[in-house]
Every structure is written in structure tokens, then in C-alpha cells.
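Data first, discussion second: the structure below is written as C-alpha cells.
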Amino acid sequence: MLSSAGFAKTWQYIQLFKEGLICTLSLSALTVVFGFILALIIALVRLSKVKPFDWLATAYVEVFRATPMLVQLFIVYYVIFANATLPTFKLFGFIRFERFLPGVVALSMNSGAYLSEIIRAGIQSIDVGQTEASRSLGLTGVQTMKNIILPQAIKNILPAIANEFVTIIKESSICYTIGVQEIMYAVNATKGATYRIAEPLIIATLVYFCLTFPTSKIIAFFERRMSRGDKR
Amino acid sequence: MATNAELIKVTDLCKYYKDGSLKALNGVSSTIDKGDVVVIIGPSGSGKSTFLRCLNLLEQPTSGSVVFNGIDITKKTYVNSEGKTVKLNIDEHRRSMGMVFQHFNLFPHMTVLDNMTLAPIKVKKMNKAEAEKKAKALLKRVGLEDRADAYPIQLSGGQKQRVAIVRALMMEPQVMLFDEPTSALDPEMVGEVLQVMAELANTGMTMVIVTHEMGFAREVGKRIIFMDGGKIVEEGTPQQIFGNPQSPRLKDFLKKVL
């Protein structure tokens with residue numbers, strides 16, 4: 001199955017993996033940013049108790065959590081973006097934007113649904129006394145959310161958000177099905193050119209591991225730093 | 001006290017929970033004048049805390065009115081001095097009412113100094129240096145000048161409550177509301193908090209205090225309100241309430257707590 005000759009052949013296409021790595025990272029980073037913003041909006045809408053909006057946000061979350069990522073990705077790419085003419089420039093000189101953007105949109109929408117539940121739980125876990133103290137000082141509801149509730153809630157849910165980021169890095173591999181040139185796309189391209197599958201997969205595995213493992217460690221470090229106020 | 005200006009006037013205040021089956025407040029009326037130190041006593045579940053929390057609308061009363069500086073803050077609008085009907089901004093009124101809670105409710109992610117300067121900076125648009133100067137002066141007043149950079153978790157209960165009191169004072173409120181400020185404290189820390197409150201009363205601050213500390217009520221209170229079953233049962237000077245109680249329920253209560 002594995003052979004040094006196979007690795008040597010695969011190595012000729014290492015440039016594809018480098019590009020795949022950059023693509024996966026860009027895809028994941030953008031997804032985290034947009035997914036988080038979307039999640040925050042959904043969570044706040046659900047907590048606002050304005051009935052029609054609350055109902056819509058709940059429906060959104062439930063639909064996205066109850067359907068496969070692949071189906072969501074295909075609907076976004078083949079249905080929603082079917083008639084959209086996107087600019088066809090290349091990011092970093094190789095990432096095809098018209099495929100990359102639907103990938104980011106689909107991943108963000110999916111991630112937003114999951115993250116919103118995490119954020120909502122985080123906000124609700126903050127003692128109501130915090131809100132009361134803040135409001136009694138004359139801060140508005142928005143100021144209270146921004147200065148008192150969210151900083152504490154986000155600190156509490158940081159491990160869960162980190163987990164979600166790691167999940168996104170892995171899930172972004174699904175975007176190769178719509179031709180986004182991320183790591184799995186490099187595996188497929190190398191397979192087509194070399195007729196080797198095991199070696200490209202091993203390399204992909206290593207790349208993914210090297211991405212996700214340090215990521216979780218780095219976030220754990222910041223989590224410790226942010227918890228200064230919790231220790232004597 | 002009769003000559004003093006009226007600050008808060010509460011009329012027929014009711015607060016019902018669970019569609020009216022639970023009546024936390026059942027028609028409470030009272031007036032709090034400037035400089036008054038009102039202590040509210042009564043058994044658990046008598047509506048003391050609910051009454052206090054209705055004063056700054058942390059609880060929305062079911063019916064009745066709370067008139068603060070001539071404006072009914074339970075309504076959505078009020079008529080201003082020019083005779084126009086304008087929208088009531090409850091945040092503006094809360095700024096003038098400091099509140100101290102049983103469980104301190106300091107912001108755990110901020111230092112003592114940041115806890116104190118947050119509202120003045122955000123709400124009153126005070127500049128940071130000025131706010132910090134003021135905060136340090138207040139901390140000095142309560143003997144905590146060396147804890148400005150500590151986080152709340154590094155403080156004892158008594159220290160936390162003293163910080164909570166000066167945090168409220170940063171906004172220069174017209175009245176301070178205390179909701180069982182010593183009930184969550186270890187016994188040896190109760191004194192230091194009561195002392196700060198007594199000093200505050202001596203400066204002429206208007207105070208409304210819900211407490212179980214009868215000795216403090218007798219010493220510092222200018223007026224005592226005894227509540228039971230969501231109503232004011234009896235009110236008067238400490239001498240009247242503790243020395244010559246009239247209603248059987250108050251007599252029974254005092255027998256148990258004194």
C-alpha cells in the first residue's frame with residue numbers, strides 16, 4: 001500500500017497541499033468570523049423574546065442542526081448561488097472565488113446555527129444579579145450586554161468555541177465536493193495524477209492534525225490567561 | 001422630617017406572580033423624603049425585597065405608582081416641565097438610585113477600580129482619570145484604597161459589599177437602596193458593612209434598607225416599616241416600633257427576632 005516511491009511521487013505535488021493548507025485556513029478563519037457574527041445575532045434574537053423573530057431564529061437553528069452539512073452545501077452552491085454571477089478572480093492567485101465564497105457561506109450558516117446555541121447557553125449561564133447590578137447603575141440593556149454579560153459569557157464558552165473552530169477546520173474538507181481547492185481537493189488531484197491514494201491521504205491527515213492540535217492548545221492558553229479574575 | 005422635600009412617593013403598589021395567585025405586594029403606599037433613612041423589616045416572604053426592587057423598577061409592579069422626583073416611573077411616558085408628553089427613560093432614573101444587593105453582584109471580570117468607573121465613564125461620560133480619582137477617594141473612605149487593582153474574587157465578603165456600596169456612590173445617587181446587604185456575610189464581617197452604612201446615613205444620604213439587623217435598624221433608622229403578607233402593617237420611629245409595637249403580628253415578630 002504505502003511505499004517510498006509513492007511518497008516520492010506524491011511529493012512532486014506538494015505545492016497542491018501547500019495551497020490546500022492556505023485554502024483550508026482561509027475557509028475556516030472566515031467561517032469562524034462570519035459564523036460567530038451570525039451566531040451572536042441569532043442568539044440575541046432568540047433571547048430578545050420578540051415572537052416572530054424568535055420563531056424564525058429557532059426554525060433556522062433547528063433546520064441547520066437537523067440536516068446534513070453536505071445537503072446544506074449543495075443547496076447553497078447549486079441552488080442559492082446557481083444564478084448568481086460571482087466575480088471569477090483568484091484569491092492568493094489560485095483559490096477560485098466563485099467556488100470559495102459559496103463554501104464560506106454554507107459553512108458559516110451551518111456553524112452559526114451550532115454556535116448560536118452555545119452562545120445562548122453562555123449568556124443564560126450568567127447570574128441575573130449581574131444584569132440587575134448593571135441596570136441599577138443606569139447602564140442600558142445594550143451596554144449591559146456588551147460590557148457585563150458578553151465578556152463573561154464568551155469567557156465561559158471559549159472552550160466550546162475553540163472546539164467549534166477545530167470542527168470547522170475538519171468539516172471544511174467537505175468543500176472539495178464543490179471544487180474548493182482545500183486539502184482534500186489536493187488529495188484528489190494528486191490521486192488523479194499519480195494513481196496513489198494512501199500517501200496523499202497520509203499527508204492530508206498530518207496536515208489536518210498539525211492544524212487542529214496546536215489550535216486547540218493555543219486557545220487553551222488564552223483561556224487560562226482570560227480566567228485571571230477567577231483565581232485568588 | 002416633615003419639612004423635607006418628598007423624593008419617592010409610592011401609591012397602592014401591587015406585584016402579583018403566577019397570574020395573581022401569589023401576591024408579593026398587595027397595596028403598599030409610603031413616602032420617602034430627602035434625607036430619610038427608612039428601614040424595612042419583616043418575616044421572609046413578606047414582600048420587603050419586592051418592594052425595594054419595585055422602587056427602581058428591577059421588578060415591574062403589576063399596578064400602582066412609584067413617583068420619583070415628581071415623575072411616575074412605572075409609566076411608559078410622562079409630561080415634562082413644558083407640558084409635553086415624552087417617553088420615559090428608566091435608565092436615567094436608575095442612575096439616581098444606587099442599589100446594593102445581598103449577593104454583592106460585583107462584576108467578576110473587572111478589577112475593583114473598573115467595577116467602580118464603568119458606569120460613570122459609560123453613562124455619565126466622565127473621563128477615565130477623573131473617574132479613577134473619584135473611585136480612589138471613595139475606596140479610601142471605606143478603607144480599601146489598597147484593593148483598587150484586586151479582582152472581586154480576591155476580596156472577602158465584607159470588602160466586596162463595601163466595594164458594591166462605593167460603586168453605587170460613584171453615580172452620586174439621590175437615594176441608596178439596600179437589599180439585605182449583610183445577609184450573605186459571615187458574622188464577623190457584618191459590622192464593617194453596617195459601619196459604612198451608618199456613616200453614609202450621617203452624611204444625609206437618603207436610604208431605604210431591607211435588613212434583618214434589628215440593632216442597626218434601631219440605631220440608624222429614622223423610620224421603620226414593618227411588612228407582612230405584602231402589606232405595610234405598621235410604621236413609625238424606632239422608639240415606637242421597637243418600644244411600643246401595636247399590632248399583634250409585629251409583637252410576635254419582635255419576640256422571635258430580638
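Remarks
- Sorting A:Ser4, A:Ser136 by solvent-accessible area of protein heavy atoms yields A:Ser4, A:Ser136, largest first, with a 1.4 Å probe.
- For the stretch A:4-231, averaging the sequence separation of C-alpha pairs within contact (under 8 Å, six or more residues apart) and dividing by the residue count gives a relative contact order of 31 percent.
- The stretch A:1-134: relative contact order as a whole-number percent, Cα under 8 Å and 6+ apart: 38 percent
- Only lysine pairs 8 or more places apart, or on different chains, with alpha-carbon atoms under 25 angstrom apart are counted in the stretch A:91-227, and they number 5.
- In chain B, Cα pairs under 8 Å separated by at least six residues give a relative contact order of 25 percent.
- Accessible surface, 1.4 Å probe, highest first, among residues B:Tyr16, A:Tyr195, A:Tyr78: A:Tyr195, A:Tyr78, B:Tyr16
- Residues of type lysines that B:Lys18 reaches as a straight line, Cα spacing below 25 Å, ignoring anything fewer than 8 places off in the same chain: A:Lys49, A:Lys51, B:Lys48, B:Lys75, B:Lys76, B:Lys231
- Per residue of A:137-150, other chain Cβ atoms within 10 Å of the residue Cβ number 5 on average.
- The stretch A:70-121 and the stretch B:78-123 have Cα centres spaced 43 Å apart.
- Mean accessible surface per residue for the stretch B:80-163, computed with a 1.4 Å probe while every protein chain stays in place, in Å²: 47 Å²
- Nearest 10 degrees, 0 to 90: helix A:150-171 Cα axis against chain A principal axis: 20 degrees
- Here chain B carries DSSP beta bridges of which approximately 60% are antiparallel, counting only pairs with both residues inside.
- In the elastic network of chain B, a GNM with C-alpha springs shorter than 10 Å, the most mobile of B:Gly215, B:Gly230, B:Gly158 is B:Gly215.
- For the stretch B:95-113, a decrease in accessible area of 50 Å² or greater in the assembled protein chains relative to the isolated chain, with a 1.4 Å probe, applies to B:Asn105, B:Phe107, B:Pro108, B:His109.
- Here the stretch A:4-231 has an Rg and Dmax of 20.7, 72 Å, counting Cα atoms alone.
- Accessible surface ranking for A:Thr194, B:Thr237, A:Thr205, 1.4 angstrom probe, highest first: A:Thr205, B:Thr237, A:Thr194.
- Å² per residue, accessible surface of the stretch A:160-232 at 1.4 Å: 54 Å²
- When chain A is treated as a Gaussian network with alpha carbon springs shorter than 10 Å, the biggest mean-square fluctuation among A:Val76, A:Val128, A:Val187 belongs to A:Val128.
- Adding -39500 (n - 2.57) for every DSSP H run of four residues or longer, then dividing by how many residues chain B holds, sets the calculated 222 nm ellipticity at -9500 deg cm²/dmol.
- Between 0 and 90°, nearest 10: helix A:183-194 axis offset from chain A longest Cα axis: 10 degrees
- Share of carbon and sulfur in the accessible heavy-atom surface of the stretch A:73-229 [1.4 Å probe, %]: 64 percent
- Taken across both chains, chains A and B shield about 2100 Å² of accessible surface from a 1.4 Å probe.
- Karplus-derived HN-Hα couplings along the stretch B:120-128 (A = 6.51, B = -1.76, C = 1.60, θ = phi - 60°), whole Hz, x at Gly and Pro: x, 6, 6, 9, 8, 6, 6, 7, 4
The values are calculated or read from the model by the stated rules, or taken from the named source; none is laboratory data. Because the structure is a prediction, the values reported are computed rather than measured. Every residue, glycine among them, receives a Cβ derived from its backbone with ideal geometry; neighbour counts consider all protein chains shown. Areas reflect the complete protein model, heavy atoms only, side chains present, ligands, DNA and RNA absent. Shrake-Rupley method; radii C 1.70, N 1.55, O 1.52, S 1.80 Å.
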